[in-house]
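Visitor: The structure that follows is given in the form of C-alpha cells.
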Amino acid sequence: MDGAKNMSDNYWGYSVKAWHGTTTVGLVIKDYVVLAADKRATAGFLIASRSVKKIVKVTDYAAMTISGLVADAQALADVVREEARYYEMNTGKRLSIYGMATLLANVLSSSKYFPYIVQLIIGGYDTAPRLYAIDPYGGVTEEKMTASGSGSPVALGVLERGYSEDLDLEGAVKLASEAVRSAILRDAATGDGIDVTIIGHKTYQERFIPFRAS
C-alpha cells in the first residue's frame, strides 16, 4: 500500500528497502468467507519475490491477509496464532474472529510510536462467516467485502460491481480472483498468480489460480 511504501522507504530517518506492494481482498457470502491475494513482493522497483504467501492460516477456522511489510505481518500472524491456541487451551473454547481482530488492533494501537507497517484483513467462521479490516493504527471495521494494498482501488471497483451476499461459492471465488486479476493488470506491485482461501463451517480450503492476461 502507498502509506506503507512511504513509511518503509524512510523509517525513522533510516533508508531501507523493505518488501511491500500487494493486493488482497476478502468477501463474505452466506456460508463462507473467501480471501484472495496476489503473490508478488516488491522492494522499490525490484520484484523481490514471485511466490510470497499473503494469506496466512491462523487456525483451522481463520486466516488473515497481509499487505505492507512482510516481516511485520508475519510477526503479527505468529502473535494471533499463538494467542488463539493459548485461549483454546485455557478455556476449551475457540477464540472468536472478532477476538482475533481486537487482539491485532490492540497490538497495532499500542505500537503507534514504533508502528507495524501493515494493513490486515482477517476472516473466518466461528458461529457465522465474519470479515474484519484492520488499519495500521488499530482501527477495526467489520465488512462484507474489502480490499487492501497498493492495488486495492482497482480491486474495490470490481468488488463493488459484482458483489452480492447471495453469490454461490464458485461465484464468490471467481469475483475475488477477478478483483485481484484486475489489480495485477494495473498495479506494477501486484502480480504472479492468485492464492484463494475458502473458510466455512468445518471447511478450510486453499487454491492457486495462475494469472492470465486475457
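The values are calculated or read from the model by the stated rules, or taken from the named source; none is laboratory data. As the structure is a computational prediction, the values presented were derived from the model and not from experiment. Virtual Cβ from ideal backbone geometry, glycine too; neighbours counted across all protein chains shown.
Visitor: Determine the pairs where a residue that is charged (D, E, K, R), located within region 49-65, has a partner that is part of a strand (DSSP E or B) with Cβ atoms under 6 Å apart, the partner being 6 or more residues away or on another chain.
Guide: Lys54/Thr24; Lys54/Ala37; Lys54/Thr65; Lys54/Ile66; Lys57/Ala63; Asp60/Tyr204
Visitor: Right, here's the next one. Conditions first: (1) closer than 20 Å to Arg40 by Cβ; (2) touching a residue at least 12 places away in the same chain (Cβ under 8 Å). Asn106 passes all but one, so which condition is the exception?
Guide: With respect to (1) closer than 20 Å to Arg40 by Cβ; (2) touching a residue at least 12 places away in the same chain (Cβ under 8 Å), Asn106 is out only on (1).
Visitor: Would you mind stating whether Leu156 is closer than 22 Å to Glu82 by Cβ and either touching a strand residue (DSSP E or B) at 6+ places or on another chain (Cβ under 7 Å) or of a type in the set (D, E, K, R) (or both)?
Guide: Answer is no for this residue.
Visitor: Would you mention how many residues in region 125-149 are under 12 Å from the mean Cα position of the chain (by Cα), of a type outside the set (A, V, I, L, M) and either buried (at least 21 other Cβ atoms within 10 Å of the Cβ) or outside any loop (DSSP other than H, G, I, E, B) (or both)?
Guide: 4
Visitor: May I pose another question? Go through (1) within 25 Å of Leu46 (Cα to Cα); (2) small (Gly, Ala, Ser); (3) out of contact with any helix residue (DSSP H, G or I) (no Cβ under 7 Å at 6 or more places or on another chain) for Ala172 and report which single condition fails.
Guide: Among (1) within 25 Å of Leu46 (Cα to Cα); (2) small (Gly, Ala, Ser); (3) out of contact with any helix residue (DSSP H, G or I) (no Cβ under 7 Å at 6 or more places or on another chain), Ala172 violates only (1).
Visitor: Moving on to the next point. Which of (1) buried (at least 22 other Cβ atoms within 10 Å of the Cβ); (2) free of Cβ contacts under 8 Å to residues at least 60 places away in the same chain; (3) of a type in the set (Gly, Ala, Ser); (4) farther than 22 Å from Tyr61 by Cα is the odd one out, the single condition Ala101 does not satisfy?
Guide: (4)
Visitor: Go through the residues of region 105-121 one by one and say whether even a single one is surrounded by fewer than 17 Cβ atoms within 10 Å (Cβ to Cβ), modelled with pLDDT under 95, among the basic types (Lys, Arg) and out of contact with any Asp or Glu (no Cβ under 9 Å at 6 or more places or on another chain).
Guide: The answer is yes; a qualifying residue exists.
Visitor: Can you pull out the residues in region 58-98 that are closer than 27 Å to Thr190 by Cα, small (Gly, Ala, Ser) and surrounded by 16 or more Cβ atoms within 10 Å (Cβ to Cβ)?
Guide: Those that are closer than 27 Å to Thr190 by Cα, small (Gly, Ala, Ser) and surrounded by 16 or more Cβ atoms within 10 Å (Cβ to Cβ): Ala62, Ala63, Ser67, Gly68, Ala73, Ala77.
Visitor: Please name all residue pairs, on different chains or six or more residues apart, with Cβ atoms under 6 Å, provided the first residue is in region 163-183 and is outside any loop (DSSP other than H, G, I, E, B) and the second residue is small (Gly, Ala, Ser) and surrounded by fewer than 23 Cβ atoms within 10 Å (Cβ to Cβ).
Guide: If the second residue must be small (Gly, Ala, Ser) and surrounded by fewer than 23 Cβ atoms within 10 Å (Cβ to Cβ), the pairs left are Leu175/Gly162.
Visitor: Can you tell me which of (1) closer than 26 Å to Gly151 by Cα; (2) of a type in the set (A, V, I, L, M, F, W, C); (3) over 16 Å from the mean Cα position of the chain (by Cα) is the one Leu95 doesn't meet?
Guide: Leu95 satisfies all of (1) closer than 26 Å to Gly151 by Cα; (2) of a type in the set (A, V, I, L, M, F, W, C); (3) over 16 Å from the mean Cα position of the chain (by Cα) except (1).
Visitor: Scan the strands (runs of 3 or more DSSP E) fully inside region 1-98 and keep the ones with 3 or more residues being modelled with pLDDT under 80 and of a type in the set (Gly, Ala, Ser).
Guide: So the answer is none; nothing clears 3.
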